Amino acid sequence: MSELESWIKKINKEAGSEIIAFGNSEKEYERIPFSSPRANYCLYGGIPKYRLIEFAGLESSGKTTSALDICKNYQLEEGHKNILFVDVEHTFDEEWAATLGVNPEEVVVLSPESEGAETVFDIILDSIRTDLFGLIIIDSLAALIPNSVKEESLEDKKEMGGIAASLTRFSKECVSILKRYKCTVIGINQLRDDMNNPYNLYSTPGGKAWKFLCSVRLFFSLGSFINSEGKEVSRSTVDPAGNRVDIKVEKTKICRKDRRNGFYTLKYLTGIDELTDTIDTAVELGFIQSGGAWFTLIDIDTGELIPDKKFQGKTKVIEYFKQNTEEYTKLWEAVNNKICEHRKDI
């Protein structure tokens, strides 16, 4: 063992973890995928583990639903740890979570009442250090109130800076321990009109440190409405069956920034329409041939057309894969593998 290697071993032993190593080995981040390949496309396969992540957007833009979808897919992992949902807004809906595929009985819900932001952040940090939790959702950061403000009367001076100071301390301490305890934190935040910058429509509360320390920041927005058949309808419709949730990658430090936009299809009665999104993506990637109203399946192993599997209309393609779950699983895996192809984490 060289003198340098001995020194590295000594430092890591004193720290109790591998905080120093040679940096010449390529690294690929573990990810938690979304259900829809359309959403996974943005980040080459999903959000990175053991990092700070921000989901931001206007009201009813799909932030919480997207976070619950991540919960669902995390629960599918073998040997997963517990999930902590910090329900600051007191809006956690077990029924909706179950519709999205989450097992609510395996989610620990923290519902702060009189606790201020600092107290809530300390609870979260303590929860990470227990090594019991692998995923923590904070819904939402903007709803937290600092202790100093909670103690004031409404007639006292106006709040200055909001939770910026406490969130800065929390994020700095949090980012240093996530990898050690193998925990991922998603902070749901709001988009607000940016009154200080005429060239920027929106900003997020919480100060600059949180933005800098987040490895990924995704902005969600309400897309077009759809009917029960999945077809786009007018924005003025009174009875939509669902809507498209648009995703913009505001920041990523874990992959190339060449995929700025994505989306997924959300149906209000059944949740995320993973099947339809997978079929649409398969058409784009060449796993299903489309010509006019006709769709022909392609053998994933050989790349050849399958003449006896030709369907008129996407509805019939959807019904086929609903009845042939093994073939759908094979198609889903092929689509998501293709999305991750040529991925280079940074």
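Per residue, the chain exposes an accessible area of 55 Å² to a 1.4 Å probe, with every protein chain left in place. Histogrammed with a bin width of 10 Å, the alpha carbon distances of region 198-261 distribute as 18, 34, 27, 20, 2 percent, first bin at zero. If a/c stays under 1.5 just call it rounded; otherwise compare a/b with b/c (prolate if a/b is bigger, oblate if not). Do that for the chain, with a ≥ b ≥ c from the square roots of the Cα gyration tensor eigenvalues. Oblate. Measuring nothing but protein heavy atoms, the accessible surface of the chain at 1.4 Å probe radius is 50 percent carbon and sulfur.
Among the chymotrypsin sites (Phe, Trp or Tyr not before Pro) in region 1-81, those located in a DSSP loop and surrounded by at most 13 other Cβ atoms within 10 Å of their own Cβ are F22.
Relative to its Kirkwood radius, the Cα radius of gyration of region 225-346 gives an Rg/Rh of 1.00.
Volume of the convex hull of region 1-126 (Cα atoms only), normalised per residue: 173 Å³. The packing ranking, built from the mean of other Cβ atoms within 10 Å per residue, places the peptides 169-175, 233-239 in the order 169-175, 233-239, highest first. Accessible-area rank, largest first, for V108, V185: V108, V185, with all protein chains present and a 1.4 angstrom probe.
With the whole protein complex present, R343 retains an accessible surface near 50 Å², based on a 1.4 Å probe.
Would you mind checking the pairs K316/K344; K81/K316; K49/K248; K72/K344; K253/K322 and listing those with alpha carbons more than 28 angstrom apart?
Pairs exceeding 28 Å: K316/K344; K81/K316; K253/K322.
The values are calculated or read from the model by the stated rules, or taken from the named source; none is laboratory data. Note that the structure is predicted; figures quoted are calculated from it, not measured. Don't worry about glycine lacking a Cβ; one is built from the backbone with ideal geometry, like all the others, and counts go over all protein chains shown. Just so you know, the surface numbers come from the protein's heavy atoms only, side chains and all, with ligands and any DNA or RNA stripped out. Shrake-Rupley method; radii C 1.70, N 1.55, O 1.52, S 1.80 Å.
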